[in-house]
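Written below as C-alpha cells is the structure these notes are about.
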Amino acid sequence: MTSERASDTSDDGSDAPRALIAGRGVAFIGLGHMGAPMAANLARAGVDVRGFDLSEEAVAHAREAGVPIADSAAAAVAGASVVITMLPVGRHVISAYAGVGSGDGSGDGGLLAAAAPGTLFVDCSTIAVDDARRAHELALAAGHRSIDAPVSGGVVGAEAATLAFMVGGDDADVAEARPLLEAMGRRVVHCGGPGLGQAAKVCNNMILGVSMIAVSEAFVLGEQLGLSNDALFEVAANASGQCWALTTNCPVPGPVPASPANRDYAPGFASALMAKDLGLAAQAIASTGVHAEAGSLAAEIYARFAEGDGAMRDFSAIITDIRERSARAGGSHATDGGAA
Ligand code: NAD
C-alpha cells in the first residue's frame, strides 16, 4: 500500500529539534533489524517518513512498529528531501544508489535517478571506506549531496534512539542531517569529509576486536597459570590493562554481572558483526598499506570463529575458542571458569 506524504506536523512544537524535522520528507530504505526501529523513531518524532525494503517480512515488521510503507523505493523517494539507507554491505548501497541489479523497483537509475535534484543522501550502513567514497561520488555525479553516518549501539540503541553516529561529509550537509540523526541517537560526531565516518567506525571496532582478544587470551593464560579470574580482573581493571572489553564486556562470568558472559554469551554484539567490521578494517589496512599486524590477525581470528557456532554469540565468546584451542594444544590446567 502506498502511503501519501502528509503535511501534518509534530504535536510538540515547543521542542526545537523536533520542530526542525517535523513534516520533513524522508525516504528510509532498508528496514531490517536496525532500519525499522530507526525509521520508527523518525516517524515518532513527526518526520514524514516513507520506508521501503525488498523483504516482505521486514516491511511487515516495520509497519507494525509504526513506519509508513511505500510500494517501491521510487515511491518512497518521491517528494523526499532526504534519503536514508540502512543496508547490509557496500554492494547493496552502491546498487541501490545506482540501480544496477537492485531489483528494488526504483527504476534503472536506482535511488539517485528517482530523487529530486539536490536530495541529501545519508548512508547509515556499515560499509568499506572505499565503497562509502564511491557512493558519495555517485551521488554528487547525479546532482545530489551525500554523507556517511554509520552507527554504534546495536538494535537496543536503535530501538531506544540512543545510537552514536560517526559522520563523514561536508559541514552544511552534516548540519542539515543532524536533527534527523539526533531523533535516532544521542551522539553525533562529525569526523571529517566523505568516508571518514566509516573510517572512524572501522578504527574503533579494530581497537575493540583486538582488545577483546587480548583480554580473553590474558584470562586463559591466567587460568593456565593458576590465577583466578576474579584476581586478574581486580588487578587489570585498576591498572594499565583497563579497557572496555575488560570492564564493561568482560569475557568471563562474575566480575561484571551485566556482561554477556553471564548469560552464555547471548549478544550483545554478535561475532558475525565483529567479523564483518574487522573484514572492513582489513580492507582498509590493505588499501592504505598500514602495517597493522594485530588488526589483520584479529580479522582472521573472528572470521574463523564466525564461520561456525560462534557467529551468533557475543564477540566476547572468543574466549571459549581460545580456551578450547589451548586445551587441544595440551594446556595442563585448562578449566572453564578459571582456577578458584
Ligand atoms: P539487516 O540484514 O537486518 O537489514 C538490512 C535490510 O536491507 C534487509 O531487510 C534487506 O532486505 C534490506 N535490503 C537489502 N537491499 C535492499 C535494497 N536494495 N532496497 C531495500 N532494502 C534492501 O541488517 P541490520 O542488522 O539492520 O544492519 C544494517 C547495517 O547496519 C549493516 O551495515 C550493519 O553492519 C550495520 N550495523 C548493524 C548493527 C546490529 O547490531 N545489527 C549494529 C551497528 C551497525
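What follows is calculated from the coordinates using simple rules that are stated; it is not laboratory data. It should be emphasised that the depicted structure is a prediction, and the values quoted were computed from it without experimental measurement. In this analysis, Cβ positions are derived from the backbone assuming ideal geometry, glycine residues included, and neighbour counts consider all displayed protein chains.
Structure notes:
- Span-rule helices in the chain, defined as complete DSSP H runs reaching 27 Å or more along the axis (Cα) with Kyte mean at least -1.0: 196-225
- Gap separating the Cα centres of segment 139-217 and segment 264-296, nearest whole Å: 16
- Relative to the Cα centre, the charge distribution of the chain, modelled as +1 at Lys and Arg Cβ and -1 at Asp and Glu Cβ, gives a dipole magnitude of about 280 debye.
- Where trypsin sites (Lys or Arg not before Pro) fall in DSSP loop in segment 19-85, at most 14 other Cβ within 10 Å: none
- Site pair Ser72 and Ala60 shows an inter-label distance of 2.4 nm when each label is modelled 7 Å from Cα along Cα→Cβ.
- Antiparallel bridges, percent of DSSP beta bridges restricted to the chain (to nearest 5): 15
- Net charge dipole size for segment 16-193 [Lys, Arg +1 and Asp, Glu -1 on Cβ; Debye, nearest 20]: 420
- Förster-model FRET efficiency, 41 Å R0, Ala258 and Thr288, C-beta, rounded to 0.05: 0.65
- Estimated FRET transfer efficiency when R0 is 45 angstrom, pair Glu234-Asp171 (beta carbons, to 0.05): 0.45
- Selection from Gly254, Ser316, Thr288 lying farthest towards where the dipole of segment 200-328 points positive, charges on Cβ: Thr288
- In the chain, helices alone account for a calculated mean residue ellipticity at 222 nm of -14500 deg cm²/dmol, with every DSSP H run of four or more residues adding -39,500 (n - 2.57).
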